[in-house]
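What follows is a set of notes on a single structure, which appears directly below.
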Amino acid sequence: MITKKHKEVCRYRLRIYRYEKGYTLRKLSNVLSISPSLISRIEQGTIEVSNHLYEQMMTLFNIDTSTFEESVKAFETHSDKLLRHLYYMEYGFAKEIFDTFFKPESAFENSPIFLEYYILKVAYLLMTQQDFDTIEKYVKRLIIVEEAFKGIYLELYLLMRARYATMQYNIEEAKSYFALHLNSSQSDSLKSMNLYYQGIMYGFSYKTYQKALRCFESAKSAFQDQNNFQRLMDLKLIEQRLLIYTNDYLSFEELNRETLHYGEIHLNPYIYNYSLQQKALYCIALSDYKGALELFNYFKIDTIEYVFHKVYVLFKLGYYIEAQHLMNETKIYRYDASLKAINSGYDAMIEMMNTNQTEAIIAKLKIFADQSYDSEVFPLIKIAFKLYISVLESERIYKEAYLYSHKLLEVTKMTMK
């Protein structure tokens with residue numbers, strides 16, 4: 001049965017479809033055999049889609065309407081529970097719901113609640129920082145139809161846009177979406193998330209560490225009031241980095257002991273392992289590269305960021321072959337473009353050590369230093385390459401090399417979780 005809800009979402013489907021296919025109004029009108037003005041009125045919501053045209057659109061979008069009732073029922077049954085886990089940033093429970101009730105993906109993408117599904121999926125992926133290509137695909141779709149969102153889905157959408165902009169280092173856009181979210185939010189849990197993510201933005205993207213610490217203090221109080229101790233510990237793990245960046249080593253040591261103890265007595269390998277990772281960064285900050293390497297060898301490195309940190313330590317200790325082997329192993333990670341740049345850059349550095357072809361090496365490094373990528377790890381790569389270029393080009397520009405080395409250390413520290 002074709003309901004009013006089915007017809008209402010047609011205009012959003014039509015707009016996304018036309019954008020992704022690159023169709024003009026006239027080209028799509030030829031496909032559907034209707035006038036361009038009628039398509040425009042459908043997209044604007046000023047006219048209701050007829051039953052006949054609705055069936056045409058479902059055929060065009062290759063959607064099987066027989067699955068609608070089942071997928072909508074599943075969404076209504078489990079979406080509230082999923083929303084609650086997202087509010088409280090309970091990643092494990094959110095993942096369990098996604099894996100159990102929201103697969104296959106096509107059943108929800110092709111249903112009348114596809115926009116709500118997109119928001120929940122993006123929120124889940126952004127919080128767990130998974131599969132950036134998929135995040136980008138869905139965010140672009142949401143941007144096209146953002147006026148469709150209301151209530152709690154609008155609040156979540158605004159917060160996710162702020163987080164997405166933060167990950168892309170688009171700080172001004174992130175700030176504007178954080179402000180919009182706070183103005184619209186009726187949920188204390190979402191406000192807590194806003195403070196948490198603003199702390200990440202100011203601390204790791206905007207480099208305003210003291211402001212980040214203030215955001216984290218407010219978020220900690222909110223999580224404490226909500227009895228969300230798991231998320232409170234997660235926040236304390238990130239706060240440890242800010243304490244390293246602000247050279248507050250005594251506070252770091254106290255907080256690190258607390259999180260290590262919590263992970264150990266509660267048999268929480270995530271908290272315990274991540275606390276060790278923070279301690280490794282602490283060793284790097286103190287130039288204790290042997291201590292950092294011992295810690296890196298103790299826990300499993302499972303992100304591209306920590307692979308880079310370990311490679312950095314290996315280079316500082318002169319273990320060039322081990323560093324190259326480790327970089328070759330990073331092909332299993334998701335940032336394909338960054339891995340290609342990192343591998344090529346390090347290969348060039350190793351080649352530099354074994355040959356006297358300085359000018360050729362400089363030319364190769366410049367290619368990778370000048371390339372532009374959209375990920376939090378790339379500024380670090382660029383600065384690293386520029387450092388080696390400045391050292392190689394002339395012995396007379398030690399000052400520039402010195403400045404780049406400090407930038408490299410700073411960006412290595414601020415690389416996002």
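The values are calculated or read from the model by the stated rules, or taken from the named source; none is laboratory data. All values derive from a computational prediction rather than experimental measurement. Note: ideal-geometry Cβ built from the backbone for every residue, glycine included; neighbour counts use all protein chains shown.
Structure above, values below:
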| quantity | calculated |
| --- | --- |
| From 168, 226, 210, 230, residue being under 25 Å from residue 309 (Cβ atoms), touching a residue at least 40 places away in the same chain (Cβ under 8 Å) and out of contact with any strand residue (DSSP E or B) (no Cβ under 6 Å at 6 or more places or on another chain) | 168 |
| Pairs with Cβ under 9 Å, 6+ apart, first in the range 29-55 and under 22 Å from residue 146 (Cα atoms) and surrounded by 13 or more Cβ atoms within 10 Å (Cβ to Cβ), second at pLDDT below 90 and of a type in the set (Asp, Glu) | 42/48; 45/8; 48/8; 49/8 |
| Exclusive hit being touching a helix residue (DSSP H, G or I) at 6+ places or on another chain (Cβ under 9 Å), aromatic (Phe, Trp, Tyr) and more than 19 Å from residue 212 (Cα to Cα), set 249, 282, 245, 298 | 298 |
| Hits in the range 151-185 (condition: modelled with pLDDT of 85 or more and β-branched (Val, Ile, Thr)) | 152 |
| Odd one out for residue 71 among (1) within 18 Å of residue 148 (Cα to Cα); (2) touching a residue at least 12 places away in the same chain (Cβ under 8 Å); (3) polar (S, T, N, Q) | (1) |
| Helices (runs of 4 or more DSSP H) wholly inside the range 119-187 containing at least 2 residues that are over 17 Å from the mean Cα position of the chain (by Cα), among the small types (Gly, Ala, Ser) and over 25 Å from residue 102 (Cβ atoms) | 171-184 |
| Meets criteria (assigned to a helix (DSSP H, G or I), over 28 Å from residue 174 (Cα atoms) and under 20 Å from the mean Cα position of the chain (by Cα)) for residue 270 | yes |
| Some residue of the range 196-218 being surrounded by fewer than 19 Cβ atoms within 10 Å (Cβ to Cβ), touching a Pro at 6+ places or on another chain (Cβ under 8 Å) and not assigned by TED's automatic domain parsing to the domain that holds residue 241 | no |
| Selection count, the range 94-117, where residues are touching a Leu at 6+ places or on another chain (Cβ under 8 Å) and closer than 16 Å to residue 10 by Cβ | 1 |
| Hits in the range 78-107 (condition: among the hydroxyl-bearing types (Ser, Thr, Tyr) and closer than 24 Å to residue 193 by Cα) | 79, 87, 88, 91 |
| Single condition residue 182 does not satisfy, out of (1) in contact (Cβ under 8 Å) with a residue 12 or more places away in the chain; (2) surrounded by fewer than 23 Cβ atoms within 10 Å (Cβ to Cβ); (3) over 22 Å from residue 80 (Cα atoms); (4) among the aliphatic types (A, V, I, L, M) | (3) |
